[in-house]
Amino acid sequence: MPRREFPGDPRRSDNVVPYTAPDNSSEGNVYYLVAFASSMGTLFLKSKPLGWLALLSSLLSVFSDRQSASGSSGGSRLSTITLAFTALLMAYVPELVPLFQRSRGEPAQTSA
């Protein structure tokens with residue numbers, strides 16, 4: 001198929017729409033809310049998958065947040081990562097305690 005030439009420049013200056021940056025950061029706020037809620041759920045329920053969800057969503061909250069939109073909430077974004085990591089660590093503590101007891105030579109406690 002032969003190439004068809006356009007008569008002149010196909011771009012029209014009256015159809016150009018100037019770029020405007022989005023003014024809301026609702027996506028980061030949703031991740032922040034999911035991270036906080038799943039961190040609290042992990043602490044209460046000791047659910048490991050919920051803890052991994054909390055850590056992932058807190059990282060997404062920080063990485064999807066724009067600097068101009070965050071303003072003074074940069075510290076709270078970092079605290080969600082700390083909360084999610086701590087919640088995940090607390091979910092794995094019951095599995096780590098018997099390992100530390102065996103390494104020190106103490107007998108493992110059995111629950112009846």
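If we sort 87-98, 33-44 on the protection proxy, mean other Cβ atoms within 10 Å, highest first, what's the order?
Listed from highest to lowest mean packing, they are 33-44, 87-98.
What is the distance, in nm, between label points placed 7 Å from the Cα along the Cα-to-Cβ direction at Y19 and at F44?
Going by the 7 Å Cα→Cβ label model, 4.4 nm.
List, in order, the whole-Hz ³J(HN,Hα) value for each residue of region 76-91 obtained from phi through the Karplus relation with A = 6.51, B = -1.76, C = 1.60 and θ = phi - 60°; use x for Gly and Pro.
6, 5, 5, 5, 5, 5, 5, 5, 5, 5, 5, 5, 5, 5, 5, 6
Need the full-extension length gain, S64 to T86, defined as separation in residues times 0.36 nm minus the C-alpha distance. One decimal, nm.
5.8 nm
Each reported figure results from applying straightforward, stated rules to the coordinates on display, with no laboratory input. Note that the structure is predicted; figures quoted are calculated from it, not measured. Cβ coordinates were reconstructed from backbone atoms using ideal geometry, including for glycine residues, and neighbour counts include every protein chain displayed.
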